[in-house]
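Asks: One structure coming up, written as structure tokens, with questions to follow.
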Amino acid sequence: MLLDLLFPPRCAGCGSGPWPFCDRCLGELEPLVPPWCERCGLPAPRPVARCARCPPEPIDLARAAFVFSGPARRAVHRLKFTGWRSVAGALAGALAQVLDVGAEAVTWVPLGRTRLASRGYDQARAIAVRLAPRLGLPALRTLRRTRDTPPQARLGGGQRSAAVSGAFEAALPRVPERVILVDDVLTTGATAAECARVLREAGARSVALATVARAVPGWMPARYTQVGSRSGLWLPGDVPR
């Protein structure tokens, strides 16, 4: 595209290097790789079937591309708060690599009306519509919010579940049986779990949660804290759309 030649896309992490992540930001990214919790992808010293920080039961499986820190955190914030929609392409490219699940469609956690009006677009939808073609799947709007909810970052785990209870409804008479649910960041999983519950009531038999990043508080395996220990990440030279 002519605009890409005149204004080459910049690094999603720092905003100044080459697309999608410059060498410096690439070296600072923390891709989530095994060994981990097989159910939710949380780093672990050895593989485990499930862990104490697994998201709630309506979610069958959870995967995230990165730890929510450094360039990944900055990229998500650029997508959410600065209107830089093309960042969704870089993030979707990384997310596609960690998803090895059978599914019939990709959907997303919908944004509330107030924040949608403020931002002008839904960041989870932006990621989902770029992820779906990479997986050879359709992107379907299966959910809608029935009311706005307070920012989850300000709430504790129990408060998050209460805040989102009843906040979603199905947007289709019946949804596909196997669904990938996309959001930007996984913290407690309360919002995604409520979405998964609604999807199951509308016909889904399995719901896999896919997020760009995951908040990982506290202890981390040594491979995430030792310089030069990160490996296995491949980021395509995606052109923003």
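The values are calculated or read from the model by the stated rules, or taken from the named source; none is laboratory data. Since we're looking at a predicted model, the values are computed, not measured. When we count neighbours, we look across all protein chains shown, and the Cβ atoms used for this are built from the backbone with ideal geometry, even at glycine. Just the protein is used for accessible areas: all its heavy atoms, side chains included, with ligands, DNA and RNA removed. Shrake-Rupley method; radii C 1.70, N 1.55, O 1.52, S 1.80 Å.
Asks: If you go through the stretch 13-33 one residue at a time, how many are without any contact (Cβ under 8 Å) to a residue 40 or more places away in the chain and among the hydrophobic types (A, V, I, L, M, F, W, C)?
Replies: Number of matching residues: 1.
Asks: Considering each residue of the stretch 90-102, count those that are open to solvent by 10 Å² or more (accessible area, probe 1.4 Å) and in contact with an Asp or Glu (Cβ under 9 Å, 6 or more places away or on another chain), and give that number. Even if it seems obvious, please write down each step before you answer.
Replies: Start the filter on the stretch 90-102 by keeping residues that are open to solvent by 10 Å² or more (accessible area, probe 1.4 Å), which leaves 96-102.
If we keep only those that are in contact with an Asp or Glu (Cβ under 9 Å, 6 or more places away or on another chain) as well, we get 101.
Counting residues in the stretch 90-102 that are open to solvent by 10 Å² or more (accessible area, probe 1.4 Å) and in contact with an Asp or Glu (Cβ under 9 Å, 6 or more places away or on another chain) gives 1.
Asks: What are the residue pairs meeting all of these: first residue in the stretch 66-78, first residue closer than 14 Å to ARG214 by Cβ and among the basic types (Lys, Arg), second residue open to solvent by 50 Å² or more (accessible area, probe 1.4 Å) and modelled with pLDDT of 95 or more, Cβ atoms under 8 Å, and 6 or more apart or on different chains?
Replies: The qualifying pairs do not exist here.
Asks: While we're on this one: Out of the residues in the stretch 103-123 meeting the condition of being open to solvent by 10 Å² or more (accessible area, probe 1.4 Å), at negative phi and of a type in the set (Gly, Ala, Ser), tell me which one is modelled with the highest pLDDT.
Replies: So, considering only residues that are open to solvent by 10 Å² or more (accessible area, probe 1.4 Å), at negative phi and of a type in the set (Gly, Ala, Ser), the one modelled with the highest pLDDT is ALA103.
Asks: When you go through PRO43, PRO18, PRO31 one by one, which is the residue that is open to solvent by 40 Å² or more (accessible area, probe 1.4 Å), out of contact with any His (no Cβ under 8 Å at 6 or more places or on another chain) and at pLDDT below 95?
Replies: Selected residue: PRO18, the only one of PRO43, PRO18, PRO31 that is open to solvent by 40 Å² or more (accessible area, probe 1.4 Å), out of contact with any His (no Cβ under 8 Å at 6 or more places or on another chain) and at pLDDT below 95.
Asks: While we're here: Within the stretch 51-64, which residues are modelled with pLDDT of 95 or more and touching a Cys at 6+ places or on another chain (Cβ under 7 Å)?
Replies: ALA62
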